[in-house]
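Asks: Please find one structure pasted underneath; my questions will follow.
Every read-out reported here was derived from the displayed coordinates using simple, explicitly stated rules and does not represent laboratory data. What you are looking at is a predicted structure, and each value in this text was computed from that prediction instead of being measured. When we count neighbours, we look across all protein chains shown, and the Cβ atoms used for this are built from the backbone with ideal geometry, even at glycine.
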Amino acid sequence: MAKPAAPPKKATAVTAPNVHKGKGRKVMITCAVTGSIHTPTMSPHLPITAAEIADAAIGAAEAGAALVHLHARDEKTGKPIHTPAAFHPFLKVIKQRTDAVLNITTGGAPTMSIDERLEPCAVLKPEVASLNMGSMNFGLYPMLERFKEFKHAWEKPYLAESDDRIFKNTFKDIENILTRCAANDTRFEIECYDIGHLYTLRHFADRGLVKPPFFIQSVFGLLGGIGPHPEDVQHMRRTADRLFGKDYYWSVLGAGRNQLPIAAQALALGGNVRVGLEDSLWIGPGKLAESNAEQVRAVRKIIEGMGLEIATPADAREMLQLKGGDKVNF
């Protein structure tokens, strides 16, 4: 008589290094202090000048941010600009006054060419740079409904024309950034606005162009990307677990009013968090945040209320295997 078939083996859950939910887990807070989405009309607290960006970054670090994500702006108009010369003044000040990991965006703004977006990172050689994992519609135009007048002439068309603008991040663009930054030992905050972006990262990892541990920043609630529903957050997490197993750290950012609710959900799922005026101008319903540090303190309160610890810059460098702040070019 033939032996009965053996019962199927029970699947083993994938456990990433940051899935642990127990007491004492260290959570990395990233603060994105100004960005290129919001315009000066939208908030008097948005950092514009080099001095304001430096103060915002230092305040965020003092409040508990281990990493600071940085963009530059024209000091007179607040328009996003992206040259090494624009970054130099505040990078030096921040580095002198805090040990935070300084992250230079390669996203810049959707209106910029890939060469323009890459130049500051290529020249300044930061420990971390952001890297978008796919081209997408990037709709800012709904924000026009809240404002009738603008401080600067560039603001209204910048928002209005986003209904016919693609944020270009082709496979060739991504490979260009990975290749040019590899020689500088810069690692990446890998921004994934949708599920397909996770598969794109897997593609480049399989080709050996980006190596673990991956620092995946899942973005929720921007028009053109994945939504902010709790099921979207869980789907992003499950997919990343399946694709990357123990080889990644997961972080989230929720756009606008989604910032703290999505942070709280991600913390319960073992994740890390990003806040800052780049992602949301608000601290509560109808109340503008007066500083980036205020948002850091708000999410820190959630973290510590859950019995977790905030990661220091030294912790973040160890977790992400960074080269160290003494090996940058600023």
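Asks: Relative contact order (percent) for segment 177-229, with alpha-carbon contacts under 8 angstrom and 6 or more residues of separation?
Replies: 42
Asks: OK, next. Counting alpha carbon pairs within less than 8 Å and at least 6 residues apart, what relative contact order, in whole percent, applies to the chain?
Replies: Reported relative contact order: 25 percent.
Asks: May I pose another question? Across 10 Å bins from 0, what is the distribution of all Cα-Cα pair distances for the chain, in whole percents?
Replies: 6, 27, 37, 22, 5, 2, 1, 0, 0
Asks: Using each residue's phi in segment 146-156, evaluate 6.51 cos²θ - 1.76 cosθ + 1.60 at θ = phi - 60° and report the 3J(HN,Hα) Karplus result to the nearest Hz, with x for Gly and Pro.
Replies: 8, 9, 9, 10, 10, 6, 10, 5, 6, 5, 4
Asks: Okay, next question. Out of residues 5 or more away from Glu191 or on other chains, whose amide H comes under 5 Å of its own, with H placed 1.01 Å from N in the peptide plane?
Replies: Counting only residues 5 or more places away or on other chains, the set is Leu131, Asn132, Met133, Gln217.
Asks: Follow-up question, since we're still on this one. In straight Cα distance, which aspartates and glutamates are under 17 Å from Lys323, not counting same-chain residues fewer than 8 positions off?
Replies: Those aspartates and glutamates meeting the cut-off are Asp99, Glu127, Asp185, Glu189, Asp315.
Asks: Percent relative contact order of segment 206-323, based on C-alpha pairs within less than 8 angstrom and at least six residues apart?
Replies: 21
Asks: Springs between alpha-carbon pairs under 10 angstrom, Gaussian network model over the chain: which of His45, His71, His235 fluctuates most?
Replies: Greatest mean-square fluctuation among the candidates belongs to His235.
Asks: Which cross-chain or sequence-distant (5 or more) residues have an amide H under 5 Å from the amide H of Val27, H modelled 1.01 Å from N in plane?
Replies: Glu309, Ile310, Ala311
Asks: Beta carbons within 10 angstrom, averaged per residue: use that to sort the peptides 284-292, 76-84, 58-66, 146-154, highest first.
Replies: Order by mean packing, descending: 58-66, 76-84, 284-292, 146-154.
Asks: Distance cut-off 18 Å, Cα to Cα: go down the list Lys26/Lys246; Lys79/Lys172; Lys92/Lys327 and report the pairs above it.
Replies: Lys79/Lys172
Asks: If each residue's Cβ is checked for other Cβ atoms within 10 Å, how do Val275, Val210 rank with the fewest at the top?
Replies: The fewest-first ordering by Cβ neighbours comes to Val210, Val275.
Asks: Hey, another quick one. When Lys and Arg each count +1 and Asp and Glu each count -1, what net charge do the other residues less than 10 Å away from Gln217, Cβ to Cβ, add up to?
Replies: Once all neighbours under 10 Å are counted, the net charge is -1.
Asks: Once every DSSP H run of n ≥ 4 in the chain is given -39500 (n - 2.57) and the sum is divided by its residues, what mean residue ellipticity at 222 nm do you get, rounded to the nearest 500 deg cm²/dmol?
Replies: After summing the helix terms and dividing by residue count, I get -11000 deg cm²/dmol.
Asks: So which aspartates and glutamates can Lys301 reach, going by Cα to Cα under 18 Å and dropping same-chain residues fewer than 8 places off?
Replies: Glu62, Glu290, Glu309
Asks: With 10 angstrom as the radius, rank Ile216, Ile94 by how many other C-beta atoms surround their C-beta, starting from the fewest.
Replies: So the residues, fewest neighbours to most, are Ile94, Ile216.
Asks: Given points 7 Å out from each Cα along the Cα-Cβ axis, report the Glu175 to Phe147 separation in nanometres with one decimal.
Replies: Taking the two extended label points, one gets 3.9 nm.
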